Structures are given as C-alpha cells and as structure tokens.
1. Filter region 238-254 down to the residues that are among the small types (Gly, Ala, Ser) and either part of a strand (DSSP E or B) or touching a Gly at 6+ places or on another chain (Cβ under 7 Å) (or both) and list them by number.
2. In region 235-248, what count of residues is obtained for those that are at pLDDT 90 or above and exposed (fewer than 14 other Cβ atoms within 10 Å of the Cβ)?
3. Of all residues in region 147-164, which are surrounded by 13 or more Cβ atoms within 10 Å (Cβ to Cβ) and either small (Gly, Ala, Ser) or part of a helix (DSSP H, G or I) (or both)?
4. Which of the following residues is aliphatic (A, V, I, L, M), out of contact with any helix residue (DSSP H, G or I) (no Cβ under 7 Å at 6 or more places or on another chain) and at negative phi: Ala221, Ala189?
5. Against the condition without any contact (Cβ under 8 Å) to a residue 60 or more places away in the chain, surrounded by fewer than 19 Cβ atoms within 10 Å (Cβ to Cβ) and outside any helix (DSSP H, G or I), how does Gln273 come out, does it pass?
6. Report, by residue number, each residue of region 165-184 that is outside any loop (DSSP other than H, G, I, E, B) and within 21 Å of Ser208 (Cβ to Cβ).
7. Being assigned to a strand (DSSP E or B) and under 20 Å from Val99 (Cβ atoms): is that true of Val257 here?
8. Yes or no: region 136-145 includes at least one residue that is touching a residue at least 12 places away in the same chain (Cβ under 8 Å), in a loop (DSSP other than H, G, I, E, B) and in contact with a helix residue (DSSP H, G or I) (Cβ under 8 Å, 6 or more places away or on another chain).
Amino acid sequence: MTPVERETNRDREPGGPDSPEPAGSPAEPGTVEQAAPAAGSAGPTGRQRLKAGLWPPRVTRAQLTVALLLFVLGLGLAIQVRSTSDNSALRGARQEDLVRILDELDSRTERLEDEKRRLEEQRTELENSSDQAEEARRQTRQKEQQLGILAGTVAAQGPGITLTVDDRSGAVEPDMLLDAVQELRAAGAEAIEVNGNRVVADTYFTGSGGSVEVDGKKITAPYRFEVIGKPQDLEPALNIPGGIVRTLEKEQATAVVARSEKIVVDALRPGKQPDYARSSTR
C-alpha cells in the first residue's frame, strides 16, 4: 500500500478528521444548543391573548356611527350654551347698571311687601272690629282716595322730587319726556304733574322738539316735573349712567333734580266713565 493510500484510510477511520459526528455526541464546550419545541408545549398566555384582542383596535361600522352621533350632539350642546351666554341681557352690562338694577328690584320688593302688610292689617281690622260695617266703609273711603290719586281726580301731597328740563335749543322731543315719566313710574312715582298737567295712565306726549303737547295741550320749556314718591329711589333712577338726565344732556339740554319733603300735585283730571270696561266682580 502506497503512502497516499495509507493516509486516506487513516482519515476515514473512526475518530478521524473527516469522520461524521455521532448523533449522540456531546456538544463542544461554550456552545448553546437550541432545542425544538415539543409537540405538546403550551400556547400563548392569557395576557398575550388580551393584548392581542385590544391592540390594534377593531372598530365596527356601528361603533363609528355612534361615536359620530355623540360628537355632533356634544358640539350642538356646547354651541347652544355659548350662544345663550353671549346673548344674555346682563352679560355686557356695566357695574353701575347692575347695581342700579339690583337697587330697583330691592325697592319694588320693598313696596310689594309694604302693600302686602297693609292688606293684611286691613283684613285683621275687619276681622277684629266690633262694627265691621263701619270699618268696611272706612276702608272703602280710604281706598277711594288712593285710587283717586292714581286716576288724577284727587289732589295729593308728600315727599318727592322736582325735575326741571331747560331746552333752549328746542332739541328735546316728546318721546324723551315720556321716557322720563316711564323711569319715574318704574322707580315708584305715585303722582306726577308736568307744567300744570296731571300725568295719568292714558297721558300722551305729541308734537316735536320745541313744541311739545301733553294730552293735546301745548307746553313750553322749561319742563317742570312735580313727582311724589320716595326721593331716595326717584333721584338715582334719573341720574343713572344712560338714564334720562344723560340723554337730555347729549341733546344740549340741562336737567336738574332736587329733592323735597313736600311736593304738591293739585292739577286734576275729570273722572271718566269707561265705555267698554266693566267690573268683573259680582
């Protein structure tokens, strides 16, 4: 056997460099052996299944429709609330106007409470009086006097104010004087007289600047209002920012308000029988 053949046979012998590795031979030191998973190994854990179910999210057509409807509903409610807030009559009011409104509400509440107290006292007097017929007649006469003051058929006196409007340029229109009457009534005026003319429920102002008429009677400047009421309520109502005094001053007219402990309103209006209205009491 030649030397070449001997070398070849040596390589093919077991344990030689070219011999195959036995199936059960141990791995070399320092190597990691990866084992294939067994056929009966466990599947994904519960946490893994939950994560796979939540992400990525699976949205159906019904869910998208409901979400869109909820968004539109919320947007509509937000717009409505904002519109209501923006259109509030008091949102842009100044602090002085808000204080004046609160004062007027307090004054009206106080007047209503006084009226309620008077009526309760009258009822108590009627119930406790030994001569109820005489007490009823007394209260009737008192009520007649009160209604006569409001109707302008009875003279009146009491505390109040005097409003004098000087209009040298003739710029004061009839509607401005009517606004003054309305503000005085809202502040609690009980009797009003303008240049000798009694102002009642059906009083009207006509004409034009410099030529004003009250109930068809011409009056000239200065216009003098005699008003009976609570001076602490009447004067602030005329002098508020944006009130009748400021409006007249813008027309180059002057308006002066003076308080008085005694105002006399003695201009009278004839009693008038209503043509259509009748008492509903039986």
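The values are calculated or read from the model by the stated rules, or taken from the named source; none is laboratory data. Note that the structure is a prediction, hence the values are computed from the model and not measured. Cβ atoms come from the backbone with ideal geometry, glycine included; neighbour counts cover every protein chain shown.
1. The answer is none; no residue qualifies.
2. Counting residues in region 235-248 that are at pLDDT 90 or above and exposed (fewer than 14 other Cβ atoms within 10 Å of the Cβ) gives 0.
3. The answer is Gly148, Ile149, Leu150, Ala151, Gly152, Ala155, Ala156, Gly158, Gly160.
4. Ala221
5. Against the criterion (without any contact (Cβ under 8 Å) to a residue 60 or more places away in the chain, surrounded by fewer than 19 Cβ atoms within 10 Å (Cβ to Cβ) and outside any helix (DSSP H, G or I)), Gln273 qualifies.
6. Listed by number, the residues that qualify are Val165, Asp166, Pro174, Asp175, Met176, Leu177, Leu178, Asp179, Ala180, Val181, Gln182.
7. yes
8. no
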